[in-house]
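Every number in this text was worked out from the coordinates using simple rules, so none of it is lab data. From a predicted model like this one, the values you see are computed outputs, not experimental measurements. Here Cβ is always computed from backbone atoms with ideal geometry, including for glycine, and neighbour counts include all displayed protein chains.
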Amino acid sequence: MPVVNPQYTFRKAISADRSAIWQVLQDAIERRKKDGSDQWQQGYPNPGTVANDIGNGWGYVLEINGKVAAYAAVIFDVEPAYEILEGKWLTQDEYVVIHRVAVGDQFAGKGLATQLFLNIENLASDKKLFSIRVDTKSDNLAMLKIFKNLNYTYCGEVYFHNSARKAFEKILGS
């Protein structure tokens, strides 16, 4: 069920959103490049990633006035890369994974990534899942700030494509 407030709608992505989601991701990829990061600079994510997310029911968007403003993949399953953590997760319970968080240039700097996380936390709680796990590169200062502001706890390092990522977990309701 979509979450609606006067400013935005949070909902599951549909096939018709693919090009808009890809544009949002391209904006975020370019921002990461301008920030001097190599995150998302090797052909991932790509249009196939978006199609896969939507096909698997993982894609979620924040929409403002009918326009896709932000995107995330929300996975209600085990993340294989999280099985090997250099550190310790807070829980051993089932968890929700958030990947590919992106905000379109037109909407950047307006707190939409935070709103996206808050909606995902509500979605997870509605599904009776009370742990969320995420990761990012150490140079993604904007994402690290969001994790801090939303009380995600640093748990250690995970690896994707031979690259270290800072891993975080939040226990909902705590």
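From (1) touching a residue at least 24 places away in the same chain (Cβ under 8 Å); (2) out of contact with any Lys or Arg (no Cβ under 6 Å at 6 or more places or on another chain); (3) within 26 Å of Ala69 (Cα to Cα); (4) surrounded by 14 or more Cβ atoms within 10 Å (Cβ to Cβ), pick out the condition that doesn't hold for Phe160.
(3)
So which residues in the range 47-80 are in contact (Cβ under 8 Å) with a residue 12 or more places away in the chain and over 21 Å from Glu121 (Cα atoms), if there are any at all?
Of everything in the range 47-80, those that are in contact (Cβ under 8 Å) with a residue 12 or more places away in the chain and over 21 Å from Glu121 (Cα atoms) turn out to be Pro47, Thr49, Val50, Ala51, Lys67.
Please verify whether Arg133 is at positive phi, outside any loop (DSSP other than H, G, I, E, B), surrounded by 20 or more Cβ atoms within 10 Å (Cβ to Cβ) and among the basic types (Lys, Arg), treating the condition exactly as stated. Give the derivation first.
Values: at positive phi: no; outside any loop (DSSP other than H, G, I, E, B): yes; surrounded by 20 or more Cβ atoms within 10 Å (Cβ to Cβ): yes; among the basic types (Lys, Arg): yes.
Criteria not met by Arg133.
Go over the candidates Gly87, Gly111 one by one and state the one that is surrounded by fewer than 17 Cβ atoms within 10 Å (Cβ to Cβ) and either free of Cβ contacts under 8 Å to residues at least 40 places away in the same chain or over 25 Å from Leu150 (Cα atoms) (or both). So that I can check it myself, show each step before the final result.
Values: Gly87 fails: either free of Cβ contacts under 8 Å to residues at least 40 places away in the same chain or over 25 Å from Leu150 (Cα atoms) (or both).
After applying the criteria, what remains is Gly111.
Applying the selection to the range 83-116, what residues are under 21 Å from Ala73 (Cβ atoms) and among the acidic types (Asp, Glu)?
Glu83, Asp93, Glu94, Asp105
Go through (1) of a type in the set (A, V, I, L, M, F, W, C); (2) over 17 Å from Ile29 (Cα atoms); (3) within 16 Å of the chain's Cα centre (by Cα); (4) loosely packed, with under 14 Cβ neighbours inside 10 Å and name the single condition Leu141 misses.
(2)
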